[in-house]
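Just so it is clear, none of the values below were taken in a lab; they were calculated from the coordinates. What you see is a predicted model; the values in this text were computed from it and never measured. Quick reminder, even Gly has a Cβ in these numbers, built from the backbone with ideal geometry, and neighbours come from all protein chains shown.
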Amino acid sequence: MLKIENLHASVGGKAILKGINLEIGTGEVHAIMGPNGSGKSTLSNIIAGRDGYEVTQGSITYKGKDLLAMNPEERAWEGVFLAFQYPVEIPGVNNTYLLKAGVNAKRTHQELEELDAMDFLKIVKEKAKLVELDQSFLSRGVNEGFSGGEKKRNEIFQMAVLEPSLALLDETDSGLDIDALRIVANGVNHLRSEERSVVMVTHYQRLLDYIQPDVVHVLADGKILKTGDKSLALELEERGYDWVREEAAA
Amino acid sequence: MSEVKVERKPEEFTHNEYEAGFVTDIETDTLPPGLDENVIRHISAKKDEPEWLLNWRLEAFRHWQTMTEPHWAHVNYPPIDYQAISYYSVPKSQEDGPKSLDEVDPKLLETYEKLGIPLREQEFLAGVAVDAVFDSVSVATTFKGKLKDAGVIFCPISEAVRDYPELVQQYLGTVVPGGDNYYAALNSAVFTDGSFVFIPKGVRCPMELSTYFRINALNTGQFERTLIIAEEGSYVSYLEGCTAPQRDENQLHAAVVELVALDDAQIKYSTVQNWYPGDENGVGGIYNFVTKRADCRGARSKVSWTQVETGSAITWKYPSCVLRGDDSVGEFYSVALTKMRQEADTGTKMIHIGKNTKSTIVSKGISAGRGQQSYRGLVRIAKSAEGARNFTQCDSLLIGDNCGAHTFPYVEVKNSTATMEHEATTSKIGEDQLFYCQSRGISEEDAVNMIVNGFCKDVFNELPMEFAVEANRLMEVSLEGAVG
């Protein structure tokens with residue numbers, strides 16, 4: 001699904017990623033953990049195609065294609081989805097309308113017929129139930145006046161509607177109370193499938209209690225320092241990150 | 001390997017193609033440039049006007065000569081040479097005036113068709129009557145017969161002067177007097193045509209009325225005058241549209257619109273203004289200096305102004321309501337877009353005089369490119385206006401880093417029972433919002449349109465249905481551009 005080789009990237013001349021190597025197979029769920037400022041968000045933003053990052057070395061191959069050559073909407077059409085850490089508000093733009101435009105742009109790209117309003121509404125209502133999102137959110141402005149938890153649920157709802165092949169969850173658990181965390185995790189688990197890969201970027205082990213990862217990576221100082229199974233996450237929770245750094249330096 | 005990607009900034013989306021920029025090649029009878037009393041006498045004689053109207057014009061002209069051009073607006077333009085403008089231009093074929101649509105010059109019909117305004121009745125949107133004004137003269141009015149059956153008068157103002165002189169004399173200049181302001185005085189002296197609407201007592205006008213203004217000839221000014229009278233308990237919805245050819249010279253458009261609403265009458269006045277805005281370097285374009293005012297003379301009368309302003313190099317206009325009647329209502333809904341080098345200073349005045357009068361102001365300004373936009377509004381509550389209420393909302397949206405938005409709200413309250421609310425926001429289409437949309441599969445250009453339309457929605461909802469669609473499209477075309 002996704003292959004990152006020797007990825008170096010900087011922001012405003014400052015090197016953030018210093019040689020990332022990462023391979024994510026189809027249907028796998030990976031967790032990327034790491035301390036603040038380790039480059040976790042930078043990595044997910046670069047995969048989704050955000051401006052302002054300079055890739056100085058390396059490559060990202062997605063479904064056999066050069067991902068870095070595509071603009072963000074092309075990546076979305078190809079099935080990349082980023083659930084934002086801080087979803088922006090877009091006042092006046094209807095939540096459902098935005099999604100419908102996104103879904104139909106993707107369908108047009110796949111040479112499928114556009115969905116009409118009725119069919120689309122049916123899908124949307126069904127998916128909204130998945131994350132226990134009240135129907136009233138569908139007709140509100142995108143994230144307009146949503147609480148922190150509602151914004152995160154809205155991200156997972158959008159993901160459910162857009163049915164990506166590769167879902168990046170950027171600190172989706174931050175700022176969620178236990179109930180909201182459970183709802184979000186349920187939504188993600190529901191979307192787990194043989195064809196879909198998920199990358200979760202997180203600080204805490206907590207999310208992984210709800211969504212069991214196949215692989216856990218530790219990202220620190222711009223590099224993947226250690227890779228393991230879900231027991232690694234528990235070890236990190238207990239011991240912190242420093243021992244991984246020391247181990248890597250040794 | 002480094003990422004090679006062309007970064008596109010939001011402001012690049014706002015370079016546009018002006019679709020209405022063509023010129024109609026037609027023979028005209030045009031007065032040489034210049035303005036003096038003889039020119040005014042000539043216009044008046046051409047139109048076979050009664051003595052009182054000529055005198056009214058001359059009085060306005062003499063007043064104008066004592067006035068100085070106002071410069072308080074937040075706009076910049078070189079001085080206008082009023083002697084370099086021609087004040088009268090008429091297509092030759094129209095000199096005697098067509099008796100019916102069949103006699104209208106086919107070239108003119110073609111012009112309006114190109115603009116999407118077919119004047120042949122059977123082809124036009126059912127339920128909309130159109131008066132088409134080409135340079136200085138009205139060339140066609142549709143559905144006159146059907147309207148007449150309902151008792152509605154909808155005709156060029158020059159025709160109204162001839163056929164209904166008492167009505168015109170009774171109301172002309174009672175809302176915007178001849179010497180009201182510099183441009184209104186100039187208009188009063190030289191106005192050539194425009195629409196006249198009269199809705200008799202108790203009549204609900206059976207269709208939308210629409211006037212389509214087109215400036216064609218070079219170096220001419222357009223000075224139309226519109227007068228709408230809604231008698232007791234009547235209702236009318238009126239729409240005006242405006243375009244002009246793409247020319248390197250600036251052209252002056254100084255219109256006056258007067259609305260009179262008697263007891264329980266309602267007037268809904270919508271404008272889609274798309275005069276040529278000039279090019280990205282600020283060459284050419286229309287100077288749109290317009291005085292629009294409604295007199296809510298009767299109790300419980302209501303006037304709504306809705307405007308979508310996307311064109312003109314310079315816009316200076318403040319559609320206003322004088323809320324004289326008790327319980328009368330004034331509304332102003334505005335979307336204005338300034339891009340490239342366009343400048344607009346626009347807003348409204350709500351003058352509360354009657355008791356329990358109510359006004360609503362919703363202004364949405366969008367600035368892109370090097371556009372500069374100012375909202376200027378006055379809400380005045382007179383001593384007599386017991387229990388008056390005003391709500392003002394004034395939002396600005398910026399696209400890019402080189403444009404500007406300014407707000408000048410003035411409030412004068414002389415009665416302590418008044419309720420005033422004012423909300424204002426300024427926002428910028430952020431890279432974050434665009435990226436968010438893109439990550440959902442929506443192209444940057446579509447995202448800009450989506451955000452702008454969302455921003456304008458409250459105002460577009462006030463437009464008659466057909467025109468809301470047109471306004472949406474116009475915004476998209478205006479913002480369309482340099483993608484890829």
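For the reader, a short list of remarks on this structure follows.
- The charge dipole of the range A:2-249, taken about the Cα centre with unit charges on the Cβ atoms of Lys, Arg (+1) and Asp, Glu (-1), comes to about 160 debye, rounded to the nearest 20.
- Contour minus Cα-Cα distance for B:Thr425 and B:Ala45 (0.36 nm per residue): 131.6 nm
- Take B:283-292, A:208-217 and order them by the average number of nearby Cβ atoms within 10 Å per residue, most first; the result is B:283-292, A:208-217.
- Exercise: per-residue mean of other protein chain Cβ atoms within 10 Å, A:139-152: 1
- Backbone HN-Hα couplings from phi across the range A:87-103 [Karplus 6.51/-1.76/1.60, Hz, Gly and Pro as x]: x, 7, 8, 10, x, x, 9, 4, 3, 5, 4, 4, 5, 4, 4, x, 4
- Residue exposure sequence - A:Trp243, B:Trp275, B:Trp72, A:Trp77 - by fewest surrounding Cβ within 10 Å: B:Trp72, A:Trp243, A:Trp77, B:Trp275
- Charge dipole of the protein assembly as shown about the Cα centre (unit charges at C-beta), most positive-ward option of A:Ala105, A:Gly37, B:Ile314: A:Gly37
- Entries in B:Lys349/B:Lys414; B:Lys268/B:Lys358; A:Lys151/A:Lys223; B:Lys349/B:Lys428; B:Lys302/B:Lys339; B:Lys349/B:Lys383 that, when Cα-Cα distance is taken, lie over 24 Å: A:Lys151/A:Lys223; B:Lys349/B:Lys428; B:Lys302/B:Lys339
- Cα-based equivalent ellipsoid of the protein assembly as shown: semi-axis lengths in Å, sorted from largest, via gyration tensor: 60, 26, 23
- Exposure proxy shown here: for B:Ser312, B:Ser374, the number of other Cβ atoms within 10 Å sets the order, fewest to most, as B:Ser374, B:Ser312.
- Rg(Cα)/(2.2 N^0.38 Å) for the range A:2-249, N = residue count: 1.00
- Where labels lie 7 Å past Cα in the beta-carbon direction, separation of B:Asn181 and B:Lys383 in nm: 2.7 nm
- With R₀ set to 41 Å, the beta-carbon distance separating B:Asn38 from B:Phe391 gives a calculated FRET efficiency near 0.25.
- Lys/Arg +1, Asp/Glu -1 at C-beta; the protein assembly as shown dipole; positive extreme among A:Tyr204, B:Thr338, A:Thr56: A:Tyr204
- Packing order of peptides B:363-373, A:146-156, B:467-477, highest average first: B:363-373, A:146-156, B:467-477 (average count of other Cβ atoms within 10 Å over each peptide's residues).
- Using the average count of surrounding beta-carbon atoms within 10 Å as a protection proxy, the listed peptides A:85-92, B:447-454, B:33-40 rank, highest first, as B:447-454, A:85-92, B:33-40.
- Sorted by Cβ neighbour density within 10 Å, fewest at the top, the residues B:Asp264, A:Asp179: A:Asp179, B:Asp264
- Cβ neighbours within 10 Å from other chains - mean over A:85-94: 6
- Inter-label distance for A:Thr108 and B:Trp52, nm, one decimal - labels placed 7 Å from Cα along Cα-to-Cβ: 6.0 nm
- Exercise: per-residue mean of other protein chain Cβ atoms within 10 Å, B:422-435: 3
- Sites B:Tyr77 and B:Glu166 - FRET efficiency at Förster radius 45 Å, r taken between beta-carbons, to 0.05: 0.65
- Taking label points 7 Å from Cα along the Cα-to-Cβ direction, A:Glu238 and A:Arg192 give a separation of 2.3 nm.
- Helix-only CD estimate at 222 nm, as mean residue ellipticity for chain A, using -39500 (n - 2.57) per DSSP H run (n ≥ 4): -11500 deg cm²/dmol
- Comparing A:Thr26, A:Thr108, A:Thr172 in a Gaussian network model of chain A, where Cα atoms under 10 Å apart are tied by springs, the biggest mean-square fluctuation is seen for A:Thr108.
- Taken over the range B:266-310, the alpha-carbon convex hull comes to 58 cubic angstrom per residue.
- Charging the Cβ of each Asp and Glu at -1 and of each Lys and Arg at +1, and nothing else, the dipole of the protein assembly as shown about its Cα centre rounds to 1420 debye.
- Efficiency of FRET between A:Glu132 and B:Glu69 - r from beta-carbon atoms, R0 45 angstrom, step 0.05: 0.10
- GNM flexibility winner over chain A from A:Gly34, A:Gly175, A:Gly13 (Cα, springs under 10 Å): A:Gly13
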